[in-house]
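Peer 1: Below you'll find the structure I mean.
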Amino acid sequence: MSTLGGWELIEPPLGRGGQGTVYKARSPRRIAAITSARRRLREAIRRLPNPERISPPPDEEAELSALISSMSELSRPDDPASELGALKKFDVPSDGSPEAEAAMRRLEREVEALRSTQHPRILKLIEANLSERWFVTEYHSRGTLADTQSRYKGDVPLALNAFRTIVEAVAELHKKGYVHRDIKSNNIFIADNDTLVLGDFGIAFFEDDQHTRLTEQYERVGSRDWMAPWAYTDVRVDDVRPTFDIFPLGKLLWTMVSGRRILPPYRTHRDRDFRLEEPFPGRPGIELVNSVLDKCIVTDEQNCLPNASALLDIVVSAIETLEQATSVQSIVLAAPSGDFRVLITAGTFQLTATPLRRNQDGEWVPEGQATSPLARWQPHSNGLIRIG
């Protein structure tokens, strides 16, 4: 097997693209452990009792223990969290051509984006070597959203809460001046704790005062099946805006709820064959999802949300509306004096307490905006998990 910077490249590659090849790679730390285990195994085998030896045999138990320990180290699977990474090797020519220089700038900016944006839902950079044209990010063995199309199918609360985490990640990018430009289910990874992680910054664009370019002046600005209508043709890289991410984010939410691979180009969630109401009639929250998509999957950029922070506000509002609509029971606790009450509301995803006060008309009304959650639950595919 070939290596780069001490990382062992595991064949076959995880994927190939226009910029390079991505490999699952074994870390130098794991390679050192395997090398040591092999050496100890060979030594243990040589020292095992041999009836032909004249000299007294060594401590048989100690040698068997060393043998078992070495075999265990060699046979155990690699730990994805600490011993594996995803190594991206860039195909950058070394001829000094304008194309080669542009490719190097693209690599440098991708590394810069990963280094400067620290967020739990954004792929973490482990190591980079710009001179050798490669870098390593964390590896997620459970694949991508594209590999599990039915993961959130028809489950609006589960889909919205998972989608929210990706919108939070994109909002962080937008705040730092980056536009991802290639958001799609293939670039959303599934972590071991069931959370989603945004990756693949291969064509990220840094929006600064100098309009620094990562790509050719008129280079394609995303995957065609996911691109916004205003991003298809004659788009200068200088013109890329956060709305280029909002449109595919809408498509991402649609795929999560529908369980289908892709919403085709030039089609919307309101078209007959792609309405979410059809496969899920009467399902709570479908119209809330549509209200989010109405601000993302649009034909006119002027009707699109300006950035991911604005989208996050709408998603959070939709989740809160859904939680309130699914409350199952409310009770009122009254103080002995009769001057103060608390409304306890048990919902599907949270337990809230709302202080009540009498107004001038003697009616019990909420005291300002004092409603606060006593406990919250996060929906997951394997059930509800308490988060606070």
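The values are calculated or read from the model by the stated rules, or taken from the named source; none is laboratory data. Note that the coordinates shown come from a computational prediction; the quantities given were computed from them, not determined experimentally. Neighbour counts are summed over all protein chains in view; Cβ atoms, including those assigned to glycine, are modelled from backbone coordinates with ideal geometry. For the accessible areas, the whole protein counts, side chains as well, though only heavy atoms, and no ligand, DNA or RNA atoms are used. Shrake-Rupley method; radii C 1.70, N 1.55, O 1.52, S 1.80 Å.
Peer 1: Take the solvent-accessible surface of the protein heavy atoms, probe 1.4 Å, and return the percent of it on the range 60-147 that carbon and sulfur atoms account for.
Peer 2: Working: 2190 of 4460 Å².
With neighbouring chains kept in place, the figure for the range 60-147 is 49 percent.
Peer 1: Scan around residue 4 for amide H atoms under 5 Å from its own, H built in the peptide plane at 1.01 Å from N, and keep only partners 5 or more places away or cross-chain.
Peer 2: For residue 4, the qualifying residues are 9.
Peer 1: Give the long-range amide H neighbours of residue 357: residues separated by 5 or more places, or on another chain, with amide H under 5 Å away, using H modelled in the peptide plane at 1.01 Å from N.
Peer 2: The answer is 365, 367.
Peer 1: A further question follows. Going by amide H atoms built from the backbone, whose H comes under 5 Å of the H on residue 14, apart from near neighbours?
Peer 2: 22, 23, 24
Peer 1: Can you list the aspartates and glutamates whose alpha carbon is less than 17 Å from that of residue 88, not counting same-chain residues fewer than 8 positions off?
Peer 2: Residue 88 reaches 8, 11, 108, 110, 112, 127, 132, 138, 182, 200.
Peer 1: Between residue 91 and residue 364, how many nm apart are label points set 7 Å from Cα along the C-beta direction?
Peer 2: Computed distance between label sites residue 91 and residue 364 equals 7.0 nm.
Peer 1: Using the Cα gyration tensor of the range 255-334, with a ≥ b ≥ c the square roots of its eigenvalues, what is the shape: rounded (a/c below 1.5), prolate (a/b larger than b/c) or oblate (neither)?
Peer 2: oblate
Peer 1: Then there's this: Which order, highest average first, do 93-101, 298-306, 250-258, 310-318 follow once you tally other Cβ atoms within 10 Å for each residue and take the mean per peptide?
Peer 2: 250-258, 310-318, 298-306, 93-101
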